[in-house]
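S.K.: Quick one: the structure is below, and I'll ask about it shortly.
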Amino acid sequence: MALTIHHRSRNPEIFRATDHADFDRSWPVFMQHNPTGHLYYGELDTVADYVLLATDDDEPVAKAYSTPFAFGGPGREELPDGGWDEVIRWQHADRLAGRERNAATALEIVVRKEQQGTGLASVMVKALRDNAFRLGHEVLYAPVRPSRKADEPETPMSEYAFRTRDDGLPYDPWLRVHVRAGGRILKVCPVSMTIPGTLAQWREWTGLPFDTDGPVAVEGALSPVQVSVAQDAAVYVEPNVWVEHRKP
């Protein structure tokens, strides 16, 4: 590959041309209905320095999203248990309030389906790290969604996240990419993403009947979806894992 990394702030037109390109987001359909996401993805021009695109001979092959946020003040002494959702709310509130944003967090890396398994994800992790350091941050955080956790949704994330192979590296491939890139697993964020919906919405998103109360296993979900037929509602609460990439 002849990869080139573009910054949205420097070349916005190439990004706008790929906003609706056929990227495989690697997330199930229901994950695309997280109500918090619009606070970030709807305002990408406000964090353009933190959004990257990789091209191979002018062909877009991967995107990487991150954002700055204020960390360390009252009520923000620790990374939030609310993970992905909460840090997006923080950065949105920080922008509106004009607060200095002294930390950065990765939010998503997207690799085209035909390019997956080629090492591009590792390249984009490094690109986000280097970009955050270039912008003056000492650390890049990431609420990581472990890629194999969906294979065992009943396993507590507190157990899964710290499972290792014989070589001492994380069992999970995506956590392993972060650790190999210099990341350090900090803690679980147990309520990182919350996705509510009516039963009709969940049927549309998954093709499942959603006609009984209680937990329902959904393909691609890291934990069961909780269903109430009487309330005509189901809620998915996803745990993620906070990883720290600190500047050498």
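The values are calculated or read from the model by the stated rules, or taken from the named source; none is laboratory data. Everything numeric here is computed off the predicted structure, so don't read it as measured data. No Cβ is skipped: glycine too gets one built from the backbone with ideal geometry, and neighbour counts run over all protein chains shown. Side chains included, ligands, DNA and RNA excluded: accessible areas come from the protein's heavy atoms. Shrake-Rupley method; radii C 1.70, N 1.55, O 1.52, S 1.80 Å.
S.K.: When you scan segment 132-217 for helices (runs of 4 or more DSSP H) that lie fully inside it, which ones turn up with 1 or more residues that are among the charged types (D, E, K, R), on the phi > 0 side of the Ramachandran plot and open to solvent by 30 Å² or more (accessible area, probe 1.4 Å)? Before the answer, list the steps.
M.R.: Numbers: elements: 157-160, 173-180, 199-206.
In segment 132-217, there are no helices (runs of 4 or more DSSP H) which contain 1 or more residues that are among the charged types (D, E, K, R), on the phi > 0 side of the Ramachandran plot and open to solvent by 30 Å² or more (accessible area, probe 1.4 Å).
S.K.: Select from segment 218-248 the residues that are of a type outside the set (Val, Ile, Thr), within 23 Å of Met157 (Cα to Cα) and open to solvent by 10 Å² or more (accessible area, probe 1.4 Å) and list them in ascending order.
M.R.: Of all residues in segment 218-248, those of a type outside the set (Val, Ile, Thr) come to 219-224, 226, 228, 230-234, 236, 238-240, 242, 244-248.
If we keep only those that are within 23 Å of Met157 (Cα to Cα) too, we end up with 219-224, 226, 234, 236, 238-240, 242, 244-245.
Hits for segment 218-248 are Glu219, Gly220, Ser223, Pro224, Gln226, Pro239, Glu244.
S.K.: Next up: Mind telling me which of the residues Ser9, Ser66 ends up being over 29 Å from Thr206 (Cβ atoms) and open to solvent by less than 10 Å² (accessible area, probe 1.4 Å)? Steps first, please.
M.R.: Values: Ser9 fails: open to solvent by less than 10 Å² (accessible area, probe 1.4 Å).
Answer to the check: Ser66.
S.K.: Taking segment 14-40 as the search range and keeping residues that are at pLDDT 95 or above and among the hydroxyl-bearing types (Ser, Thr, Tyr), which one is surrounded by the fewest Cβ atoms within 10 Å (Cβ to Cβ)?
M.R.: Per the stated criteria, the residue is Thr36.
S.K.: Take the residues in segment 99-127 that are outside any loop (DSSP other than H, G, I, E, B) and without any contact (Cβ under 8 Å) to a residue 40 or more places away in the chain, then tell me which one is farthest from Leu53 (Cα to Cα). Let's see the steps before the verdict.
M.R.: Keep residues of segment 99-127 that are outside any loop (DSSP other than H, G, I, E, B), which gives 103-111, 113-115, 120-127.
Adding the requirement that they be without any contact (Cβ under 8 Å) to a residue 40 or more places away in the chain leaves 103, 105, 114.
Numbers: Ala103: 21, Thr105: 17, Glu114: 16 Å.
Restricting to residues being outside any loop (DSSP other than H, G, I, E, B) and without any contact (Cβ under 8 Å) to a residue 40 or more places away in the chain, the top hit is Ala103.
S.K.: Every residue in segment 222-242 that is out of contact with any Lys or Arg (no Cβ under 9 Å at 6 or more places or on another chain) and either assigned to a loop (DSSP other than H, G, I, E, B) or charged (D, E, K, R) (or both), please. Can you show your working first?
M.R.: As a first pass, look at segment 222-242 and keep what is out of contact with any Lys or Arg (no Cβ under 9 Å at 6 or more places or on another chain): 224-237.
Residues satisfying the conditions are Pro224, Val229, Ala230, Gln231, Asp232.
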